[in-house]
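The next block holds one structure in the form of structure tokens; read it before the comments.
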Amino acid sequence: MSQTVTADEVREVLRTHLAEVLYCEPEEIGDDTAFQDLGLDSVLGAEVTAVINSRYGLEEKVEALYQNPTLADLAEYVAQRAGLPQGAR
């Protein structure tokens, strides 16, 4: 993916999808709330990771959620990764 992806755009996409899988309102997911505190487990994490990979052309593993444990952290990480040329990932 060669287009510029901002962390703010990624954050809102992830917030919306996280709200769907966690059966809550997007406003309930704070930027700095740990995914673990929201009840995100490995099964739901796999769903979120699949959305990230599909939407941004990545091949991330669920571990990315544990290494970037908040919405703000994960959005920044995904935006950086999505902005890289294919060979540099």
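Once you have the Kirkwood Rh of the chain from its Cα pairs, apply Stokes-Einstein at 10 °C and 1.306 mPa s and quote D in µm²/s.
123
Applying 1/(1 + (r/R0)^6) with R0 = 22 Å to the Cβ-Cβ distance of THR4 and ALA34, what FRET efficiency is obtained, to the nearest 0.05?
After rounding, the FRET efficiency stands at 0.20.
Using a Gaussian network for the chain with springs between C-alpha atoms less than 10 Å apart, which of these wobbles most: THR49, THR70, THR33?
For the chain, modelled as a Gaussian network with Cα springs under 10 Å, the answer is THR33.
What are the chymotrypsin sites (Phe, Trp or Tyr not before Pro) within the stretch 1-59 that DSSP puts in a loop, where the Cβ has at most 13 other Cβ atoms within 10 Å?
Passing sites in the stretch 1-59 are TYR23.
I'd like the carbon and sulfur percentage of the solvent accessible area for the stretch 1-66, probe radius 1.4 Å, heavy atoms only, ligands and nucleic acids excluded.
In the stretch 1-66, the share of accessible area belonging to carbon and sulfur is 47 percent.
The values are calculated or read from the model by the stated rules, or taken from the named source; none is laboratory data. Treat the numbers as computed from the prediction; the structure is a model and nothing was measured. Quick reminder, even Gly has a Cβ in these numbers, built from the backbone with ideal geometry, and neighbours come from all protein chains shown. Protein only, heavy atoms only, side chains kept; ligands, DNA and RNA dropped before computing areas. Shrake-Rupley method; radii C 1.70, N 1.55, O 1.52, S 1.80 Å.
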